[in-house]
1. Give the average over all directions of the projected area of the C-alpha convex hull of region 50-122, one decimal, in nm².
2. Distance cut-off 23 Å, Cα to Cα: go down the list Lys86/Lys120; Lys19/Lys128; Lys10/Lys128; Lys228/Lys281; Lys80/Lys307; Lys10/Lys59 and report the pairs above it.
3. Sorted by mean Cβ packing within 10 Å, highest first, what order do the peptides 130-138, 181-189 take?
4. Once all Cα-Cα distances of region 113-239 are split into 5 Å bins that start at 0, what whole-number percent is in each one?
5. How fast does region 136-309 diffuse by Stokes-Einstein, in µm²/s, taking the Kirkwood radius from C-alpha pairs at 20 °C and 1.002 mPa s?
6. Just subtract the alpha-carbon distance of Asp129 and Leu216 from 0.36 nm times their residue separation and send over the number in nm, one decimal.
7. With charges set only on the Cβ (+1 for Lys and Arg, -1 for Asp and Glu), what does the dipole of the chain come to about its Cα centre, in debye to the nearest 20?
8. On the first, second and third principal axes, largest extent first, how far apart are the outermost C-alpha atoms of region 178-228 in Å?
Amino acid sequence: MSNAGANSLKQQDGKSLLKNDHLLNLEVDVLYHLGLDTSSNDLKAMFGDVKYVCMGGTKYRMREFAAYMAVVLEIPQEGKLVNLTKHSQRYAMYKVGPVLSVSHGIGIPSMTVLMQEVIKLMHYAGVKDPEFFRIGTSGGVGIPAGSVVVSSWGLNGVLERTYDLPILGTTRKFPAILDNSLSQELLATASPDDDFEIHSGGTFATDDFYRGQARLDGPFCDYTDADKMTFLKKLSSMGVKNIEMETTAFAAFTGEAGIRSAVVCVTFLDRLLGDQVTTSKSTLLDWQTRPMTVIGRYIVKSYQKTKSK
Ligand code: URA
(Lines give C-alpha, C1' and ligand atoms only; values in the text may rest on other atoms or scores of the structure.)
Protein backbone atom coordinates (compact mmCIF):
# COMPACT_ATOMS: atom_id res chain seq x y z
CA MET A 1 0.00 0.00 0.00
CA SER A 2 1.28 3.48 -0.79
CA ASN A 3 -0.12 6.94 -1.36
CA ALA A 4 1.53 7.34 -4.77
CA GLY A 5 -0.93 7.77 -7.61
CA ALA A 6 -3.84 8.80 -5.37
CA ASN A 7 -5.06 12.37 -5.72
CA SER A 8 -7.14 12.50 -2.58
CA LEU A 9 -6.94 11.17 0.95
CA LYS A 10 -10.72 10.74 1.07
CA GLN A 11 -12.11 7.28 1.77
CA GLN A 12 -15.06 5.85 -0.17
CA ASP A 13 -17.54 7.58 2.15
CA GLY A 14 -15.97 10.95 1.27
CA LYS A 15 -14.49 11.38 4.75
CA SER A 16 -10.87 11.53 5.83
CA LEU A 17 -9.11 11.50 9.18
CA LEU A 18 -6.13 13.18 7.51
CA LYS A 19 -5.91 16.80 6.44
CA ASN A 20 -2.51 16.83 4.80
CA ASP A 21 -2.11 16.51 1.02
CA HIS A 22 1.69 16.25 1.37
CA LEU A 23 1.07 12.64 2.38
CA LEU A 24 -0.01 11.96 -1.21
CA ASN A 25 3.62 12.46 -2.27
CA LEU A 26 4.90 9.63 -0.08
CA GLU A 27 5.66 6.29 -1.74
CA VAL A 28 5.75 4.70 1.70
CA ASP A 29 4.60 6.18 5.00
CA VAL A 30 6.73 4.99 7.91
CA LEU A 31 4.89 5.04 11.23
CA TYR A 32 8.20 5.04 13.00
CA HIS A 33 7.10 4.91 16.66
CA LEU A 34 4.65 2.12 15.94
CA GLY A 35 7.27 0.06 14.07
CA LEU A 36 4.90 -0.23 11.07
CA ASP A 37 4.82 1.12 7.51
CA THR A 38 2.50 1.14 4.51
CA SER A 39 4.79 -1.05 2.40
CA SER A 40 5.86 -3.99 4.56
CA ASN A 41 2.66 -4.31 6.60
CA ASP A 42 -0.82 -5.06 5.28
CA LEU A 43 -2.45 -2.47 7.53
CA LYS A 44 -5.98 -3.13 6.22
CA ALA A 45 -5.67 -6.83 7.05
CA MET A 46 -4.08 -6.12 10.42
CA PHE A 47 -6.27 -3.24 11.63
CA GLY A 48 -9.20 -2.84 9.20
CA ASP A 49 -11.76 -4.13 11.75
CA VAL A 50 -10.75 -1.72 14.54
CA LYS A 51 -13.54 0.54 15.82
CA TYR A 52 -12.41 1.61 19.32
CA VAL A 53 -8.93 3.05 19.92
CA CYS A 54 -8.19 3.19 23.64
CA MET A 55 -5.10 4.93 24.96
CA GLY A 56 -3.56 5.29 28.39
CA GLY A 57 -0.25 6.18 29.96
CA THR A 58 1.34 2.86 30.82
CA LYS A 59 2.08 -0.32 28.89
CA TYR A 60 0.85 -2.37 31.85
CA ARG A 61 -2.53 -0.58 32.02
CA MET A 62 -3.16 -0.97 28.31
CA ARG A 63 -2.26 -4.67 28.34
CA GLU A 64 -4.68 -5.13 31.25
CA PHE A 65 -7.35 -3.24 29.32
CA ALA A 66 -6.86 -5.43 26.23
CA ALA A 67 -7.14 -8.57 28.40
CA TYR A 68 -10.26 -7.17 30.07
CA MET A 69 -11.88 -6.37 26.71
CA ALA A 70 -11.15 -9.90 25.46
CA VAL A 71 -13.17 -11.21 28.42
CA VAL A 72 -16.11 -8.80 28.18
CA LEU A 73 -16.37 -9.07 24.38
CA GLU A 74 -15.97 -12.87 24.68
CA ILE A 75 -13.09 -12.96 22.21
CA PRO A 76 -10.96 -16.01 23.02
CA GLN A 77 -7.22 -15.27 23.06
CA GLU A 78 -4.90 -17.96 21.77
CA GLY A 79 -1.80 -17.63 23.91
CA LYS A 80 -0.47 -14.32 25.16
CA LEU A 81 -1.48 -10.88 23.94
CA VAL A 82 1.10 -9.68 21.43
CA ASN A 83 2.62 -6.19 21.57
CA LEU A 84 2.24 -5.05 17.95
CA THR A 85 4.83 -2.27 18.29
CA LYS A 86 7.51 -4.44 19.77
CA HIS A 87 10.07 -3.43 17.14
CA SER A 88 9.85 0.22 18.14
CA GLN A 89 9.96 -0.47 21.92
CA ARG A 90 8.72 2.98 22.96
CA TYR A 91 4.99 2.27 23.23
CA ALA A 92 2.89 -0.90 23.47
CA MET A 93 -0.13 -1.70 21.31
CA TYR A 94 -2.51 -4.66 21.63
CA LYS A 95 -5.48 -5.59 19.46
CA VAL A 96 -8.50 -7.54 20.61
CA GLY A 97 -11.22 -7.73 17.94
CA PRO A 98 -12.48 -4.17 17.35
CA VAL A 99 -10.40 -2.72 20.20
CA LEU A 100 -6.92 -1.27 19.83
CA SER A 101 -5.31 -0.68 23.22
CA VAL A 102 -2.23 1.54 23.08
CA SER A 103 0.06 3.11 25.67
CA HIS A 104 1.06 6.75 25.14
CA GLY A 105 3.53 7.52 27.93
CA ILE A 106 3.28 10.59 30.16
CA GLY A 107 2.38 14.10 29.03
CA ILE A 108 1.25 15.77 25.84
CA PRO A 109 4.37 15.43 23.64
CA SER A 110 4.66 11.70 24.27
CA MET A 111 0.95 11.21 23.64
CA THR A 112 0.70 13.33 20.49
CA VAL A 113 3.55 11.51 18.74
CA LEU A 114 1.74 8.23 19.29
CA MET A 115 -1.69 9.64 18.59
CA GLN A 116 -0.81 11.16 15.21
CA GLU A 117 0.68 7.87 14.04
CA VAL A 118 -2.40 5.97 15.26
CA ILE A 119 -4.68 8.40 13.38
CA LYS A 120 -2.65 7.73 10.22
CA LEU A 121 -2.75 4.00 10.96
CA MET A 122 -6.56 4.12 11.14
CA HIS A 123 -6.66 5.93 7.81
CA TYR A 124 -4.35 3.44 6.06
CA ALA A 125 -6.33 0.56 7.56
CA GLY A 126 -9.48 2.07 6.00
CA VAL A 127 -11.26 2.27 9.37
CA LYS A 128 -14.56 4.16 9.19
CA ASP A 129 -15.59 6.44 12.05
CA PRO A 130 -13.24 5.14 14.75
CA GLU A 131 -13.88 6.30 18.31
CA PHE A 132 -10.94 7.25 20.53
CA PHE A 133 -10.79 7.01 24.32
CA ARG A 134 -8.18 8.03 26.85
CA ILE A 135 -8.14 5.94 30.01
CA GLY A 136 -6.26 8.00 32.56
CA THR A 137 -5.25 8.75 36.11
CA SER A 138 -5.55 12.23 37.60
CA GLY A 139 -5.81 14.38 40.70
CA GLY A 140 -9.39 15.26 41.66
CA VAL A 141 -10.63 18.74 42.55
CA GLY A 142 -13.26 18.64 45.30
CA ILE A 143 -14.38 15.04 44.70
CA PRO A 144 -13.47 11.88 46.65
CA ALA A 145 -10.31 9.99 45.68
CA GLY A 146 -11.22 6.99 43.53
CA SER A 147 -13.95 8.89 41.65
CA VAL A 148 -14.21 8.67 37.87
CA VAL A 149 -14.32 11.84 35.76
CA VAL A 150 -15.60 11.98 32.17
CA SER A 151 -14.10 15.15 30.71
CA SER A 152 -16.23 17.74 28.95
CA TRP A 153 -13.26 19.88 27.89
CA GLY A 154 -9.59 20.42 28.55
CA LEU A 155 -8.15 23.58 30.09
CA ASN A 156 -4.55 24.55 29.37
CA GLY A 157 -1.98 25.93 31.83
CA VAL A 158 -3.20 29.51 31.30
CA LEU A 159 -6.83 28.54 31.79
CA GLU A 160 -8.01 28.49 28.19
CA ARG A 161 -9.96 25.66 26.60
CA THR A 162 -7.35 25.16 23.91
CA TYR A 163 -4.28 23.11 23.07
CA ASP A 164 -1.49 25.52 22.10
CA LEU A 165 1.26 24.37 19.76
CA PRO A 166 4.04 26.50 18.28
CA ILE A 167 4.11 25.79 14.52
CA LEU A 168 6.67 27.51 12.23
CA GLY A 169 7.46 29.96 15.04
CA THR A 170 3.90 31.00 15.85
CA THR A 171 1.73 29.64 18.65
CA ARG A 172 -1.43 28.13 17.21
CA LYS A 173 -4.52 27.39 19.30
CA PHE A 174 -6.75 24.37 18.74
CA PRO A 175 -10.12 23.94 20.52
CA ALA A 176 -10.03 21.38 23.32
CA ILE A 177 -13.72 20.45 23.57
CA LEU A 178 -14.82 16.81 23.76
CA ASP A 179 -17.84 15.12 22.20
CA ASN A 180 -20.82 15.80 24.45
CA SER A 181 -22.97 12.93 23.18
CA LEU A 182 -20.21 10.37 23.80
CA SER A 183 -19.63 11.76 27.32
CA GLN A 184 -23.35 11.43 28.05
CA GLU A 185 -23.37 7.84 26.80
CA LEU A 186 -20.42 7.03 29.06
CA LEU A 187 -22.05 8.69 32.08
CA ALA A 188 -25.21 6.71 31.38
CA THR A 189 -23.31 3.43 31.89
CA ALA A 190 -23.17 4.19 35.64
CA SER A 191 -24.91 1.59 37.78
CA PRO A 192 -26.40 2.16 41.26
CA ASP A 193 -24.28 -0.83 42.37
CA ASP A 194 -20.99 0.89 41.42
CA ASP A 195 -18.71 1.46 44.40
CA PHE A 196 -17.42 4.75 42.94
CA GLU A 197 -18.78 8.16 42.01
CA ILE A 198 -18.78 9.27 38.37
CA HIS A 199 -18.65 12.97 37.47
CA SER A 200 -18.51 15.04 34.33
CA GLY A 201 -16.55 18.27 34.19
CA GLY A 202 -13.54 20.12 32.91
CA THR A 203 -10.02 18.70 33.03
CA PHE A 204 -7.01 20.92 33.70
CA ALA A 205 -4.18 19.53 31.50
CA THR A 206 -0.70 20.64 32.50
CA ASP A 207 2.83 20.28 31.18
CA ASP A 208 4.21 19.58 34.66
CA PHE A 209 3.16 17.38 37.58
CA TYR A 210 4.52 19.67 40.31
CA ARG A 211 4.36 23.48 39.93
CA GLY A 212 2.19 23.12 36.80
CA GLN A 213 -0.41 21.41 39.01
CA ALA A 214 0.04 23.87 41.94
CA ARG A 215 1.84 21.35 44.13
CA LEU A 216 3.98 22.38 47.08
CA ASP A 217 6.08 19.19 47.14
CA GLY A 218 8.31 19.57 44.07
CA PRO A 219 12.02 20.47 44.21
CA PHE A 220 11.18 24.12 43.40
CA CYS A 221 8.35 26.33 44.67
CA ASP A 222 8.06 30.07 45.25
CA TYR A 223 4.34 30.43 45.99
CA THR A 224 2.48 29.93 49.27
CA ASP A 225 -0.04 27.37 50.42
CA ALA A 226 -2.67 30.15 50.25
CA ASP A 227 -1.70 30.90 46.59
CA LYS A 228 -2.08 27.22 45.78
CA MET A 229 -5.50 26.94 47.44
CA THR A 230 -6.75 30.12 45.75
CA PHE A 231 -5.73 28.69 42.38
CA LEU A 232 -7.26 25.24 42.97
CA LYS A 233 -10.51 26.85 44.16
CA LYS A 234 -10.52 29.02 41.04
CA LEU A 235 -10.21 25.85 38.93
CA SER A 236 -13.11 24.34 40.85
CA SER A 237 -15.25 27.45 40.32
CA MET A 238 -14.55 27.17 36.57
CA GLY A 239 -16.00 23.65 36.53
CA VAL A 240 -12.73 21.71 36.66
CA LYS A 241 -13.14 18.28 38.27
CA ASN A 242 -9.67 16.84 37.72
CA ILE A 243 -6.06 17.53 36.73
CA GLU A 244 -3.87 15.46 34.42
CA MET A 245 -1.40 16.00 31.57
CA GLU A 246 -3.03 15.14 28.24
CA THR A 247 -6.70 16.12 27.74
CA THR A 248 -6.26 19.40 25.83
CA ALA A 249 -4.15 17.81 23.09
CA PHE A 250 -6.24 14.63 23.01
CA ALA A 251 -9.42 16.70 22.48
CA ALA A 252 -7.74 18.95 19.92
CA PHE A 253 -6.23 16.21 17.74
CA THR A 254 -9.35 14.05 17.70
CA GLY A 255 -11.40 17.17 16.98
CA GLU A 256 -9.17 18.12 14.04
CA ALA A 257 -9.45 14.60 12.62
CA GLY A 258 -13.24 14.56 13.09
CA ILE A 259 -13.00 11.63 15.51
CA ARG A 260 -15.58 11.13 18.29
CA SER A 261 -13.60 10.88 21.49
CA ALA A 262 -13.74 10.85 25.28
CA VAL A 263 -11.39 11.06 28.25
CA VAL A 264 -12.24 8.98 31.31
CA CYS A 265 -9.91 9.22 34.32
CA VAL A 266 -9.88 7.98 37.87
CA THR A 267 -8.73 10.40 40.58
CA PHE A 268 -5.92 9.30 42.89
CA LEU A 269 -6.45 12.04 45.51
CA ASP A 270 -8.44 15.20 46.16
CA ARG A 271 -6.04 18.07 45.46
CA LEU A 272 -7.99 20.34 47.84
CA LEU A 273 -6.77 18.01 50.61
CA GLY A 274 -3.12 17.45 49.63
CA ASP A 275 -0.42 16.93 47.04
CA GLN A 276 1.11 13.50 47.60
CA VAL A 277 -0.36 10.25 46.33
CA THR A 278 -0.27 8.17 49.53
CA THR A 279 -2.91 5.53 48.76
CA SER A 280 -1.49 1.99 48.62
CA LYS A 281 -0.31 0.57 45.30
CA SER A 282 -2.91 -2.21 45.42
CA THR A 283 -5.78 0.26 45.96
CA LEU A 284 -4.50 2.47 43.12
CA LEU A 285 -4.35 -0.57 40.82
CA ASP A 286 -7.90 -1.42 41.80
CA TRP A 287 -9.09 2.16 41.18
CA GLN A 288 -7.43 2.16 37.73
CA THR A 289 -9.89 -0.53 36.61
CA ARG A 290 -12.80 1.92 37.11
CA PRO A 291 -12.40 3.95 33.90
CA MET A 292 -11.84 0.61 32.11
CA THR A 293 -15.18 -0.63 33.46
CA VAL A 294 -16.97 2.50 32.24
CA ILE A 295 -15.41 2.39 28.75
CA GLY A 296 -15.76 -1.40 28.58
CA ARG A 297 -19.51 -1.17 29.25
CA TYR A 298 -19.90 1.43 26.54
CA ILE A 299 -17.91 -0.60 23.99
CA VAL A 300 -19.82 -3.82 24.67
CA LYS A 301 -23.14 -2.03 24.11
CA SER A 302 -21.94 -0.08 21.07
CA TYR A 303 -20.30 -3.13 19.46
CA GLN A 304 -23.44 -5.23 19.90
CA LYS A 305 -25.36 -2.49 18.05
CA THR A 306 -22.88 -2.42 15.14
CA LYS A 307 -22.94 -6.23 14.87
CA SER A 308 -26.74 -6.38 14.74
CA LYS A 309 -26.91 -3.79 11.90
N1 URA B 1 -1.82 12.37 37.44
C2 URA B 1 -1.64 13.70 37.44
O3 URA B 1 -1.29 14.30 36.41
N4 URA B 1 -1.83 14.39 38.60
C5 URA B 1 -2.18 13.79 39.74
O6 URA B 1 -2.32 14.46 40.77
C7 URA B 1 -2.38 12.38 39.73
C8 URA B 1 -2.19 11.69 38.56
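1. Details: hull surface 18.5 nm².
Result: 4.6 nm².
2. Values: Lys86/Lys120 19 Å; Lys19/Lys128 16 Å; Lys10/Lys128 11 Å; Lys228/Lys281 27 Å; Lys80/Lys307 26 Å; Lys10/Lys59 33 Å.
Among Lys86/Lys120; Lys19/Lys128; Lys10/Lys128; Lys228/Lys281; Lys80/Lys307; Lys10/Lys59, the Cα-Cα distance tops 23 Å for Lys228/Lys281; Lys80/Lys307; Lys10/Lys59.
3. Details: 130-138: 25.1, 181-189: 16.2.
The most tightly packed comes first, giving 130-138, 181-189.
4. Pair shares across the bins are 2, 8, 14, 18, 19, 16, 12, 7, 3, 1, 0.
5. Details: Rh = 16.9 Å.
The Stokes-Einstein estimate is 127 µm²/s.
6. 27.0 nm
7. Values: 33 positive and 33 negative charges, 98 e Å.
Value, rounded to 20: 460 debye.
8. 43, 26, 18
The values are calculated or read from the model by the stated rules, or taken from the named source; none is laboratory data. Fair warning: this is a prediction, and the values are worked out from it, not measured in the lab. Counting neighbours? That spans all protein chains shown, and the Cβs are built from the backbone with ideal geometry, glycine included. Only protein heavy atoms, including side chains, enter the accessible area calculation; ligands, DNA and RNA are left aside. Shrake-Rupley method; radii C 1.70, N 1.55, O 1.52, S 1.80 Å.
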